Amino acid sequence: MADEITFSSLTDLADRLAAGQLSAVEITQACINRTGAVDEQVRGFNSTDAEDALAQARAADERRAAGQSRGPLDGIPIALKDVIAVKDQPLTASSKMLEHFVSPYDATVTEKLKNAGGVLWGRANLDEFAMGSSTENSAFGRTANPYDLDRVPGGSSGGSAAVVAAGEAIASLGSDTGGSIRQPAAFCNVVGLKPTYGLVSRFGLAAFASSLDQIGTFTRTVEDAAVLLGGIAGHDLRDSTSFKTDIPDYRAALAEKKGPWKLGIPQEYFGEGLDPEVGAAIEKAIAFYREQGCEIKEVSLPHTEYCLSTYYIIATAEASSNLARYDGVRYTHRSAEAKTVEDVYFKSREEGFGPEVKRRIILGTYVLSSGYYDAYYLRAQKVRTLIRQDFLNAYQDVDAILTPTTPTPAFKAGEKADPLAMYLSDIYTIGVNLAGLPGISVPAGFTEAGLPIGMQLIGQPYQECDLLAIAHAYDSAHTWNERRPEL
Ligand code: GLN
């Protein structure tokens, strides 16, 4: 019974809450129990506070009893990636630098979830400061893939994906700078949505690369993603990059928009390096859409080969600037060895940051330094424009683009010791961030060895209604998301 609750979809639980068949306390307690039973193996959470979650759940039940329910998120346990601020709670970014930091305010998404009655349940592990693709770069230990504990859950939002996959939370939030929501979603058999850049406020998100970062959702179904997105999207004066746009009823759009759609298949995403089992699953998904009457068209994104290098110049440049604030002076780790002011900076940063973060800061500082700025940073910005233009050209002919989310299924922990090999695992997700587009990964099957496979759909800017409807057409006709990990 309890497992049945923790593996239910958000919308199903919302319906049962509304019908009085279940209480928020029961759901929350089921997640707490499940976490107690499996998180020792999964290690998806950096921290949890069961008492606090139960208090939130009781408040939700009291509101409902008084006829004051706040809607479908009221009483639903939702985990937050440990880079999203919650007032008076730790925010570590899985870094020693912020190990003892307690956030003095709520992120906008946190505030919105609180206002919608969501039960904030646990802080999910990640690659330190969201830099990585495996959650192995966490200073607090790696998260395991619930479908194969020797493998990675993806990253950087690996904890957020794993806790939903393992039934420890009903949904979660993560952040996606180059694939950090979609890639772990694909590795863990959950739905991962990265909204259009600017749709969701990033106020209160520990910044990595500000022109790319976007907060998004992990859920069991596309319908759940539509509901959760509706809860967090919207213009925010405290984030100057957030876009002024009306927030539609995303869930209603799933029923209203029925297709058939024109879907673009970019040849550049089906070449060398694509695992044959992943490729076969995506071909089946394409065949499904064709059977539904969709028109399938080949499209070309000719600058795809430059995505990785462009990303690793822009993202590291922005990271080197954003992470300058962690200086040992104010709220971060301060070295006990420091005797001079210079020591405070050098030793605190030396001790506080892990190797991948240091690598990025050094790279980013280099590409921004005088003499190299034009050759690297400026040029990367120009190529970025070309990459965006590729997508916009393709959208002249198609409604959305369909690709594999990742070239391979989840890899073994420790397998990608070479940073370049690790960077390559984001080859299909990074272009979407460079172009500022919305993208979603939907469960699309399993390999023979039982590893999840994800399909990526890429939409047009601010057209989340269409993107979600296209994804829902597939998701609601398949049952991959019902397969649970054996833990
Ligand atoms: N894996 C990519 C990186 O290491 C993307 C990370 C992310 O999206 N936060 O930068």
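The table below gives the values:
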{"item": "Selection count where residues are away from the ligand (no atom under 16 Å from the Cβ), in contact (Cβ under 8 Å) with a residue 24 or more places away in the chain and not in a loop (DSSP other than H, G, I, E, B), scope the stretch 185-234", "result": "13"}
{"item": "Unique match (being surrounded by fewer than 14 Cβ atoms within 10 Å (Cβ to Cβ), under 30 Å from A85 (Cβ atoms) and not acidic (D, E)) among V357, V329", "result": "V329"}
{"item": "Unique residue being more than 15 Å from the ligand (Cβ to nearest atom) and aliphatic (A, V, I, L, M) when the list is V357, V383", "result": "V383"}
{"item": "Sole residue being open to solvent by less than 30 Å² (accessible area, probe 1.4 Å), closer than 16 Å to D176 by Cβ and either of a type in the set (D, E) or in contact with a His (Cβ under 9 Å, 6 or more places away or on another chain) (or both), chosen from D426, D475", "result": "D426"}
{"item": "Residue that is open to solvent by less than 30 Å² (accessible area, probe 1.4 Å), under 22 Å from the mean Cα position of the chain (by Cα) and under 20 Å from E223 (Cα atoms), where the choices are L17, L91, L73", "result": "L73"}
{"item": "Residue in the stretch 392-400 that is open to solvent by 10 Å² or more (accessible area, probe 1.4 Å), within 14 Å of the ligand (Cβ to nearest atom) and within 29 Å of W480 (Cβ to Cβ) present", "result": "no"}
{"item": "Residue list for the stretch 55-68, restricted to those being in contact with a helix residue (DSSP H, G or I) (Cβ under 9 Å, 6 or more places away or on another chain) and under 26 Å from S160 (Cβ atoms)", "result": "Q56, A57, R58, A59, A60, D61"}
{"item": "Subset of the stretch 394-429 that is in a helix (DSSP H, G or I) and in contact (Cβ under 8 Å) with a residue 24 or more places away in the chain - its residue that is farthest from S156 (Cα to Cα)", "result": "A394"}
{"item": "Qualifying residue in the stretch 449-471 (condition: part of a helix (DSSP H, G or I), in contact with a strand residue (DSSP E or B) (Cβ under 9 Å, 6 or more places away or on another chain) and not hydrophobic (A, V, I, L, M, F, W, C))", "result": "yes"}
{"item": "Residue match in the stretch 274-282 (condition: crowded, with 16+ Cβ neighbours inside 10 Å and touching a helix residue (DSSP H, G or I) at 6+ places or on another chain (Cβ under 7 Å))", "result": "no"}
{"item": "Test set (1) open to solvent by less than 10 Å² (accessible area, probe 1.4 Å); (2) touching a helix residue (DSSP H, G or I) at 6+ places or on another chain (Cβ under 8 Å); (3) touching a residue at least 60 places away in the same chain (Cβ under 8 Å); (4) within 9 Å of the ligand (Cβ to nearest atom) - G132 fails condition number", "result": "(1)"}
{"item": "Pairs where the first residue, in the stretch 151-164, is open to solvent by 10 Å² or more (accessible area, probe 1.4 Å) and the second is more than 11 Å from the ligand (Cβ to nearest atom), C-beta under 8 Å, 6+ apart", "result": "R151/A144; R151/N145; R151/F187; R151/A410; R151/F411; R151/K412; R151/A413; R151/L451"}
{"item": "Which numbered condition G75 misses (of (1) assigned to a helix (DSSP H, G or I); (2) farther than 19 Å from G174 by Cβ; (3) touching a strand residue (DSSP E or B) at 6+ places or on another chain (Cβ under 8 Å))", "result": "(1)"}
{"item": "Number of positions in the stretch 298-317 that are touching a Ser or Thr at 6+ places or on another chain (Cβ under 9 Å), over 9 Å from I387 (Cβ atoms) and away from the ligand (no atom under 11 Å from the Cβ)", "result": "1"}
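The values are calculated or read from the model by the stated rules, or taken from the named source; none is laboratory data. Predicted, not measured: the structure shown is a model, and the values here were computed from it. Because the Cβ atoms are built from the backbone with ideal geometry, glycine has one as well, and the counts that use them run over all protein chains shown. Calculation scope for accessible area: heavy atoms of the full protein, side chains included, ligands and nucleic acids excluded. Shrake-Rupley method; radii C 1.70, N 1.55, O 1.52, S 1.80 Å.
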